[in-house]
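*Asks:* Before I ask anything, here is the structure I am working with.
All of the numbers you see were taken from the coordinates with simple rules; none came from a lab. Everything numeric here is computed off the predicted structure, so don't read it as measured data. Positions of Cβ are backbone-derived with ideal geometry, glycine not excepted, and every protein chain shown enters the neighbour counts.
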Amino acid sequence: MSEPRPETVASVLRSRWVKSLAVAAGVAFLVALIYQVRSTVAPFVLGAVAAYIVSPAVEFFHVKLRLPRVVVVAALMLTLTALIVGSIALGISYLVRTVERVVPQAERALCPEPEGKTFAERIRCAFESIPNEIRVQIEQALEHLPATIRENFREISVSVLRGFGAVFGVLLGIILASFRFVLFFVVTGYLLVDLPNLKRRAAGLLPERHKEGILRVLREIDRDIHAYYRGLLVVCLALCVIYSVGLLLCGVDFAILIGVAGGLADMVPYLGLVVGMLPALLFSFVPYGGLLKPLGVVLVFAFGETFAGMVLVPKIIGPKVGIHPVAVLLAIMVFGHLMGFLGVVFAVPLAAVVKVLAGELLRHYKSSQAPATKG
């Protein structure tokens, strides 16, 4: 059996399909590698995605208004930071005011005449308001407490140490999450400033023979994805108005803040229900005034999600991206199964990429099937 000639091997390696398969294998390897270290690279990937999404706004202020790019990015980062810090401060202030309102009500319920009494007297009054059977059981438990501690000192010590370990783990998780959040902002800012240079360098790495075709496909993908996010922004702003007005009519505290947060969170499918409806339900129950207000909150969010899904998304996003609503649902299910939460977040943009690439492959296939010429 003869060995393959070197020129035959070289011709195979120069084949367009072999090069395409090599590129596809390289991309698949890179995606698999990123997936394996996803928790580490998540701030960088999300920062790159965020920079790509908001880059048109930066380009508008930089080109149209002739503002320095660094100034535009700095103003954008400061605005987002102020919004986040302000939202957290408002939430904390509301919780403090709620506690200040609920604690006196609880004191009056337990001790009807708290005026002029010390804290110890109030505690004694509250203890005396407990039913006699339960109070006797509490007194017996307190009497046997030292003996119980001595008998089970080892188990109690282990439980206490485990509790300290759990608290330390929670604190460490909060610190790491805060660090990743700050890193996300830093990466987003750097990429927004340097995005034009990065695009030029990436374009310079493309082979000259196929450069124009690759750039054309990338421009189509870029057009569809940005059209999707522009339409999604319109939908989210409409939901902000619907949620805010509805919660104001229901009399929920911080209705505008909750409505805006819930509407913007709807950039991720159904996340607005978690970010908006749960706090709204909590604030509608505290202080408790019946079920009418919580029922109104549920109806507001149900109307918003239904109106967005049946009217806004098909009319605004569908024509811009050119993807059928059934295909959108299929993309959410498929990419959510493959990539988890991130797959749900980026299902529609990924579907737009698949649509453009499939159209390009179909064009190549049709052009390669040239009709045979008659001799």
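*Asks:* Which of the three applies to region 152-258, rounded, prolate or oblate, going by the alpha-carbon gyration tensor with a ≥ b ≥ c and a/c under 1.5 meaning rounded?
*Replies:* Working: a/c = 3.76, a/b = 1.49, b/c = 2.52.
Here region 152-258 falls in the oblate category.
*Asks:* Give the residues of region 220-249 whose amide nitrogen is closer than 17 Å to a point set 7 Å from the Cα of Arg97 in the direction of its Cβ.
*Replies:* Residues passing the 17 Å test: 247-249.
*Asks:* Please compute the net charge surrounding Val186, taking Lys and Arg as +1 and Asp and Glu as -1 over other residues with Cβ under 14 Å from its Cβ.
*Replies:* Working: positive: Arg180; negative: Asp194.
Here the count lands on 0.
*Asks:* For the residue pair Glu155 and Glu143, what label-to-label distance in nm results when each label sits 7 Å from Cα along the Cα-to-beta-carbon direction?
*Replies:* 2.3
*Asks:* Taking 0.36 nm per intervening residue step and subtracting the Cα-Cα distance, what contour gain separates Phe185 from Leu338 on full extension?
*Replies:* Working: separation 153, 0.36 × 153 = 55.08 nm, distance 2.69 nm.
Net length gain for the segment: 52.4 nm.
*Asks:* What is the gain in length, in nm to one decimal, between Leu30 and Ser178 on full extension, counting 0.36 nm per residue of separation less the C-alpha to C-alpha distance?
*Replies:* Stretched fully, the Leu30-Ser178 segment lengthens by 50.5 nm.
*Asks:* Pop the C-beta distance of Ala358 and Leu80 into the FRET formula with R0 = 30 Å and round what comes out to the nearest 0.05.
*Replies:* Values: r = 36 Å, r/R0 = 1.19.
The value I calculate is 0.25.
*Asks:* Say R0 is 30 Å: what FRET efficiency, to the nearest 0.05, do Val23 and Val63 get from their beta-carbon distance?
*Replies:* On the way: r = 33 Å, r/R0 = 1.10.
The computed FRET efficiency comes out at 0.35.
*Asks:* Would you mind putting 62-75, 21-34 in packing order, based on average other-beta-carbon counts within 10 Å, highest first?
*Replies:* On the way: 62-75: 13.4, 21-34: 10.5.
Per-residue mean Cβ counts within 10 Å order the peptides as 62-75, 21-34.
*Asks:* Please work out whether region 167-212 counts as rounded, prolate or oblate from its C-alpha gyration tensor, where a ≥ b ≥ c are the square roots of the eigenvalues and a/c under 1.5 means rounded, while otherwise a/b larger than b/c means prolate and anything else oblate? Mind showing how you got there, number by number?
*Replies:* Details: a/c = 8.27, a/b = 3.27, b/c = 2.53.
Because a/c hits 1.5 or more and a/b exceeds b/c, region 167-212 counts as prolate.
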